[in-house]
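As structure tokens, the structure follows; a few thoughts come after it.
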Amino acid sequence: MIELLKNTFSQLFKEEPSIVFAPGRINIIGEHTDYNDGYVLPAAIDKGIYIATNRNADAHVNLFSIEYNELYTCSIAELSKTNIHWVNYVLGAIIELKQRGYDIQGFNAVITSNLPVGAGVSSSAALTSATLFALNQLFSLGLGKTVMAKFAQQVEHHFAGVNCGIMDMFTSLMGKENHAIQLDCRDLSYSYVPINLDSYVFVLMNTNVKHSLASTAYNQRRKECEAGVALVKSKYPEVRSLRDISLAMLTECIPVTSIIHKRCFCIVNEIARVVSAVDAISKRDLVSLGSLLYQAHDELSHLYEVSCKELDYLVGTVQQMEGVMGARMMGGGFGGCTLNLIHKDFVSSIITTVKASYEVDCKLPFDSFIVSLGDGAKLITN
């Protein structure tokens, strides 16, 4: 990929670029907890976005995507949202920096990726993080990774219309090889959690159901959580978010039959599951970890209602198979991938079996890949 980037850049712009990389991520557990001030347990993976850049003298932004075979050009002085999805994340990052007073001049960029788009591995966060990291290097802005993560989150809010938490961007920038990150989304304190899965590996199974986190369903869940907090806060004024609420407080303040109770019940449990998962990982207790994955999927599907029939099909299918320790939907939901903890000796046979049944029963293509845990955003070459 590096050689392809260099060659493409040279053909288009006749110069040598610098190259940066920002990864996608998996989230081991802790879904929809980030915007509720909870804990998450993500990890950067060994696949991501590569961007080659250099400055130009014509005060223009020239962007080329290898995957889309598409060139976009605009004046650095006249940036605005476009109808080209991938371009918006790059322009959004530039605008976010310029609005904060950072001097961004004209530049050229070539972008490529080995991340599946729409699979729940945060390709958009990786693109935004890679762009900010590249511009930080190119224009010597002196930004720290945590600051870049906050800026990247604002790009999602302002340019993609997704009122998301900070987990995806933080992980793309701050990841560490063979570690997960236990991140406190309230104050961004974090610790690295060494991951040793012994003979097991994480496998992503892609439903190939494309989801859009800008859909009303995602933002509606956030509103429902906020409504639950407001109800509890009326009796417990010290409460700031679902992070502060116990199950007993929920039951006391919100009717158990209501939609709001269902949503909040899931998230309060999910925040607790992150703590339990870290404990299980530290003890190398993969049986407990697998059980937590199944519990998370069940509640995200039936209480938070962010799954879909294809995700449920994949989890239900592997749950009956030898060699699978645990599985759950991963990401915002409504499609994308399942995360599966599988013994390496069974991976090939399980994938073959699941692919055959999924493509017949769900009438969609199936693909999968093993993920390794890698580093966050980094400079590949000057």
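Side notes on the structure shown:
- Extending 7 Å from the Cα toward the beta-carbon at both SER80 and ASP298 defines two label points whose distance is 5.3 nm.
- In Hz, Karplus ³J(HN,Hα) per residue of the range 258-271 (6.51, -1.76, 1.60; θ = phi - 60°; x = Gly, Pro): 7, 4, 4, 5, 4, 4, 5, 4, 4, 6, 4, 5, 5, 4
- Restricting the range 297-382 to trypsin sites (Lys or Arg not before Pro) that sit in a DSSP loop and have at most 16 other Cβ atoms within 10 Å of their own Cβ leaves LYS344, LYS363.
- Each part gets one Cα centre, and for the range 267-335 versus the range 105-162 those centres are 29 Å apart.
- The long axis of helix 309-318 is offset from the longest Cα principal axis of the chain by roughly 70 degrees.
- Within straight-line cross-link reach of LYS150, aspartates and glutamates at Cα separation under 15 Å, skipping those fewer than 8 residues along the same chain: ASP34, ASP37, GLU96, ASP168, ASP184, ASP187
- Structural descriptor for the range 200-371: relative contact order 35 percent, calculated from alpha carbon pairs under 8 angstrom and at least 6 residues apart.
- The alpha-carbon of LYS309 sits under 12 angstrom from the alpha-carbons of these aspartates and glutamates, leaving out residues fewer than 8 places away in its chain: ASP361.
- Degrees separating the helix 145-155 axis from the principal Cα axis of the chain, which is the longest one: 90
- Among ALA327, ALA248, ALA125, residue whose mean-square fluctuation peaks in a GNM of the chain (springs only between Cα atoms under 10 Å): ALA248
- The H on the amide N of LYS47, modeled in the peptide plane, is under 5 Å from the matching H of GLY24, each at least 5 residues off or on a different chain.
- Take 173-183, 127-137 and order them by the average number of nearby Cβ atoms within 10 Å per residue, most first; the result is 127-137, 173-183.
- Under Karplus coefficients 6.51, -1.76 and 1.60, residue-wise ³J(HN,Hα) of the range 188-204 in Hz, glycine/proline x: 6, 6, 7, 9, 8, 10, x, 10, 10, 9, 6, 8, 9, 9, 8, 10, 9
- Each of SER276, SER307, SER10 was scored by other Cβ atoms within 10 Å of its Cβ. Arranged with the fewest first, they read SER10, SER276, SER307.
- In terms of surrounding Cβ atoms within a 10 Å radius of their Cβ, ARG100, ARG186 rank from fewest to most as ARG100, ARG186.
- Burial ordering of VAL40, VAL354, VAL360, fewest other beta-carbon atoms within 10 Å first: VAL360, VAL354, VAL40
- Taking 21 Å as the limit for the C-alpha separation, the pairs LYS145/LYS223; LYS6/LYS145; LYS210/LYS378; LYS210/LYS355; LYS98/LYS176; LYS47/LYS223 exceed it in the case of LYS145/LYS223; LYS6/LYS145; LYS210/LYS378; LYS98/LYS176; LYS47/LYS223.
- Compared with the dominant principal axis of the Cα atoms in the chain, helix 286-302 is inclined by about 90°.
Just so you know, all these numbers are worked out from the coordinates, no wet-lab data involved. Remember, it's a predicted structure, so these values are computed and weren't measured experimentally. Cβ atoms come from the backbone with ideal geometry, glycine included; neighbour counts cover every protein chain shown.
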